[in-house]
C-alpha cells in the first residue's frame with residue numbers, strides 16, 4: 001500500500017510540473033530558448049558520468065526529474081510581460097497552498113524570483129525555481145526526487161548558484 005501511495009505522490013508531482021509547464025507554454029506562446037527534460041533514466045546515466053565528482057553523483061542518483069525552461073523576452077516577444085509576472089506570482093501562491101515551502105523570494109520592480117521546496121522530513125521531494133529577470137528573461141526549473149538538505153549546498157556550489165542577494169523567508 002505504501003508503494004502505491006508513493007507512486008501516486010510521485011506521479012502527482014510530475015503531473016503538476018507538466019501542467020505548470022503546459023500552462024506557461026500556452027500563455028507565453030513562444031518556444032523556449034533553452035529546454036531540458038531529464039527523467040530518471042537519463043539522470044541515472046548522468047550520475048554515472050559524474051562519478052569522479054562523488055558528492056554530485058550521490059545527489060543526482062536520487063533525482064527523478066529535472067525540467068528547465070528559459071524564455072528570452074526580447075524585442076521579438078509579442079506577449080504581455082505583466083501577465084508572465086502574474087503567472088509567476090500566482091504559481092508561487094498555488095505551490096505554497098499545495099504544501100511547498102517558500103525558501104526565498106525577490107520582489108523588485110525588474111525582478112521576481114521564487115524558490116520553493118516540497119519537504120518530507122529531512123529531505124526535499126521537489127524544488128521549484130521561477131525567475132523573471134529584468135523583464136527580458138524567464139527561467140523556470142522543476143526538480144523532482146530526494147534532495148537532502150545537506151546536499152543542497154553541494155549542488156549550488158557545483159553549478160555556481162549565488163543566493164547572496166536573495167531575501168530568505
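The values are calculated or read from the model by the stated rules, or taken from the named source; none is laboratory data. Owing to the predicted nature of the structure, the values given are computational and were not obtained by experimental measurement. As a convention, Cβ positions derive from the backbone with ideal geometry for all residues, glycine included, and neighbour counts pool all protein chains shown.
General remarks:
- Residue within the stretch 13-31 that is modelled with pLDDT of 70 or more, in contact with a helix residue (DSSP H, G or I) (Cβ under 7 Å, 6 or more places away or on another chain), under 17 Å from residue 131 (Cβ atoms) and assigned to a loop (DSSP other than H, G, I, E, B) present: no
- Top-ranked residue of the stretch 71-94 - restricted to ones that are under 16 Å from residue 139 (Cβ atoms) and part of a helix (DSSP H, G or I), ranked as modelled with the lowest pLDDT: 81
- Number of the condition not met by residue 106 [criteria: (1) touching a residue at least 24 places away in the same chain (Cβ under 8 Å); (2) more than 16 Å from residue 19 (Cα to Cα); (3) out of contact with any helix residue (DSSP H, G or I) (no Cβ under 6 Å at 6 or more places or on another chain); (4) not in a strand (DSSP E or B)]: (4)
- Criterion violated by residue 115 - all others in (1) touching a helix residue (DSSP H, G or I) at 6+ places or on another chain (Cβ under 9 Å); (2) over 19 Å from residue 22 (Cβ atoms); (3) in contact (Cβ under 8 Å) with a residue 24 or more places away in the chain satisfied: (1)
- Residue under evaluation residue 79, criteria (1) closer than 21 Å to residue 23 by Cβ; (2) within 18 Å of the chain's Cα centre (by Cα), criterion not met: (2)
- The set of residues from the stretch 119-146 being surrounded by 20 or more Cβ atoms within 10 Å (Cβ to Cβ) and more than 20 Å from residue 79 (Cβ to Cβ) comprises 124, 125, 126, 127, 128, 142, 143, 144, 145.
- Here residue 5 fulfils each of the conditions (1) over 15 Å from the mean Cα position of the chain (by Cα); (2) at pLDDT 75 or above; (3) assigned to a helix (DSSP H, G or I) apart from (2).
- Some residue of the stretch 51-67 being exposed (fewer than 13 other Cβ atoms within 10 Å of the Cβ) and at pLDDT 75 or above: no
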